[in-house]
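Report on the following structure.
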Amino acid sequence: MFEKPIVMIDFETTGMSPDQGDRVTEVAALRIVGGEVVDRYVTLINCNIRIPSFITQLTGITQAMVNKAPAASEVIPELLRFIGTDTLAAHNASFDEKFLQAESQRLGLWSAHGGLICSVKLARRVFPGQDSYSLGRLAASLGIRFKGTAHRAEADSEVASALLLHIAAHLGERYAIRSVDPDMLQQINKLTAAKVPAYLEKYLTPPETAAVSQRKNTKAKKSAGPQRFRHYKGGIYELVCEATQESDLSPVIVYRSHNGSIWTRPKSVFFEAIEVGGVMMQRFAAIDD
């Protein structure tokens, strides 16, 4: 599944920002090798700080639990050794990375992880149009179940790992990728959803093949006119382009009517088959010139 190991990490914390004095209370780091979790580092953490009541209500982590836990000065060096130089991943990765960096810097240490993958950004780009990208709701929509309690580090990192593997499997099926390079996922994180298919096609095409293909496509474009479609009610329309709906990143078709007016429809609707008079036909059927 993955060409190189990835460590999925999740911190529970006392708040949203280490810059405001918030500290870590629990960590889970799961190492994914190939297509499964093969090792893990999980522990509560004592940072000698008061646990706010709302954090206890959210996570179930109490003051008594962290008071008995190993100190951050013990946990963080062990955690950094566990991560090593592997690629780091997290759901909303910038949050977890900034706490990792802050806790490491307190001890005069630094993380040597080889890059960062955010599963939120990946899901937005690979599965655009979801109702929510929060871990729980996204996992439920994709059929991924929690094995433990949400908002606890190990349960959250388990689900985030399953999500990352689900994304890799989807890319493998859609683009015939035998093994997914973590570096490729980092690049996808930087793209918009609309640019991901073109990037993956280019990524998977050998340079010399891509050059030949590009020359052929250029010649074809010079000789061919706009792609035309016939609406099932009889109108003729020209394809302008494919685009992405800004509000939810869903794909849309932009097309032009005979009088020059521009229209858009969701891609799934434009190309769907519908039943008319008991006969199945395309809503918009391509016209071969």
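Give the distance, in whole Å, between the Cα centre of the range 34-52 and the Cα centre of the range 117-153.
20 Å
Once percent of Cα pairs over 37 Å apart is worked out from the coordinates, which option in [x] 18; [y] 31; [z] 26 does it equal?
Given [x] 18; [y] 31; [z] 26, the calculated one carries the label [y].
I'd like the orientation of helix 72-83 relative to the chain: the angle between its Cα long axis and the longest Cα principal axis, in ° from 0 to 90, rounded to 10.
40 degrees
Tell me the label-point distance for the pair Ala102, Asn48, using the 7 Å Cα-to-Cβ offset, in nm and rounded to one decimal.
Rounded to a tenth, the inter-label distance reads 1.8 nm.
Just to confirm a number: summing +1 for Lys and Arg and -1 for Asp and Glu over residues other than Glu242 whose beta-carbon lies under 13 angstrom from that of Glu242, what do you get?
Summing Lys/Arg as +1 and Asp/Glu as -1 gives +3.
Nearest 20 debye, what's the magnitude of the dipole of the chain about its Cα centre given +1 on Lys and Arg Cβ and -1 on Asp and Glu Cβ?
Taking the Cα centre of the chain as origin, the dipole is about 1080 debye.
Compute a Gaussian network model of the chain, connecting alpha carbons closer than 10 Å, and tell me which residue from Val27, Val75, Val254 fluctuates the most.
The residue with the greatest mean-square fluctuation here is Val254.
Quick one: among Ile117, Ile55, Ile32, which has the greatest mean-square fluctuation in a GNM of the chain with alpha-carbon springs under 10 angstrom?
Answer for the Gaussian network model of the chain: Ile55.
Going toward the positive end of the dipole of the chain, with +1 on Lys and Arg Cβ and -1 on Asp and Glu Cβ, which of Phe229, Asn259, Leu30 do you reach last?
Checking the options against the dipole of the chain, the answer is Asn259.
Return one number: the angle in degrees, 0 to 90 and rounded to the nearest 10, between the long axis of the Cα atoms of helix 153-175 and the longest principal axis of the Cα atoms of the chain.
Approximately 30 degrees, to the nearest ten.
Over 30 Å between Cα atoms: which of Lys190/Lys233; Lys147/Lys267; Lys68/Lys121; Lys121/Lys233; Lys4/Lys195; Lys98/Lys147 fall into that group?
Lys190/Lys233; Lys147/Lys267; Lys68/Lys121; Lys121/Lys233
Each reported figure results from applying straightforward, stated rules to the coordinates on display, with no laboratory input. Bear in mind the structure is a predicted one, so any value in this text is a computation, not a measurement. Using ideal geometry, Cβ is built from the backbone for each residue, glycine included, and neighbour counts are taken over all protein chains shown.
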